[in-house]
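*Asks:* After the structure tokens below, expect a handful of questions from me.
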Amino acid sequence: MSDSKIIFYNAVVCPYAQRAAIALRESAAQYETINIDLANKPEWYKDINPDTKVPALGVEGQNIAESLVIIEYINDRFPEANLLPKEAIRRANVRFVIEFFTTKINGVFFKYLFGSQDEAAFEEFDKEINASLVRLDQLLTQQSATGPYFLGNEFSLADIAIAPFFLRILGFSKVYLKDYQFKAIKTHPRLEEFINGITTRPSVTETYIGDEEYVKRFSERHNLTKK
Ligand SMILES: N[C@@H](CCC(=O)N[C@@H](CS)C(=O)NCC(=O)O)C(=O)O
């Protein structure tokens, strides 16, 4: 079954789905894309993913879901793309930074975006997000003194999992948070190089719908207003 065709259930607006889209582009996978309209999901999609979320992948006669599971699957099935290092400890480091980013940076950012934005909430957000970004810079420099990626020159699952969210965090900050500037990025060159590296990689830019379109669709869906 290893050469069976892959079906990719996508929604271009979704950062989780973009993880799968990037991994597919980085591998030699042959695949067909089916776009799911999240505002009007087809009835049959619950048979593909009972949770009715994107992304999902039809592979080897089954359907798999969850973006991190999907990108690991793509790495396992197309090892020649080298999306994970071979050494156990470096694999652990890749997985750790993904977990760290998801809980500490995404978590803090989206909690503030959707929550109260009064003075006290802003103070807490500003402190927490910059502290987490400084920690991310430490994780980056522990891997490699220079970028542009988490592992230095090697593009990996860490970059794939993080890039879609950094694009959106930066885009949202411009539109919803009065062009909020992250102090930690300006003062940590390795972090800045990493963000530039992952957000300009062709597989990332080619799978992103752009800040303007993304923000428009996201604000309609979540009733957010520009600040
Ligand atoms: N934990 C999931 C999250 C996927 C997710 O939340 N996808 C959203 C779109 S970004 C979705 O399909 N939501 C269902 C809906 O909007 O109805 C993953 O990593 O794949």
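Every read-out reported here was derived from the displayed coordinates using simple, explicitly stated rules and does not represent laboratory data. A quick note: this is a predicted structure, and the numbers were derived from the prediction, not measured. So basically every Cβ, Gly included, is an ideal-geometry build from the backbone, and we count neighbours across all protein chains shown.
*Asks:* Taking the alpha carbon gyration tensor of segment 6-81, what are the square roots of 5 times its eigenvalues, largest first, to the nearest whole Å? Provide the component values of the computation, followed by the final result.
*Replies:* Details: eigenvalues 83, 32, 20 Å².
That gives 20, 13, 10 Å for the three semi-axes.
*Asks:* Still on this structure, please answer the following. To the nearest 0.05, what FRET efficiency results for residue 46 and residue 121 with a Förster distance of 41 Å applied to their C-beta separation?
*Replies:* Calculated transfer efficiency: 0.65.
*Asks:* Hey, another quick one. What residues qualify as long-range amide H neighbours of residue 56, i.e. H under 5 Å apart, gap of 5 or more or another chain, H built at 1.01 Å from N?
*Replies:* 9
*Asks:* Computed from the mean reciprocal separation of all distinct C-alpha pairs, what Kirkwood hydrodynamic radius does segment 88-222 have, in Å?
*Replies:* Result for segment 88-222 stands at 15.4 Å.
*Asks:* What Kirkwood hydrodynamic radius, in Å, does the chain give when the mean of 1/r is taken over all pairs of distinct Cα atoms and then inverted?
*Replies:* Numbers: mean 1/r = 0.0543 Å⁻¹.
The Cα-based Kirkwood calculation yields 18.4 Å.
*Asks:* What whole-number distance in Å separates the alpha-carbon centres of segment 76-117 and segment 2-63?
*Replies:* Spelled out, the Cα-based centre of one part sits 20 Å from the other.
*Asks:* Something else: Could you list the square roots of 5 times each eigenvalue of the Cα gyration tensor of segment 45-130, that is, the equivalent ellipsoid semi-axes, sorted largest first and rounded to whole Å?
*Replies:* 33, 21, 7
*Asks:* Based on a Kirkwood Rh over C-alpha pairs, give the Stokes-Einstein translational diffusion coefficient of segment 95-172 at 20 °C and viscosity 1.002 mPa s in µm²/s.
*Replies:* It diffuses with D of about 162 µm²/s by this estimate.
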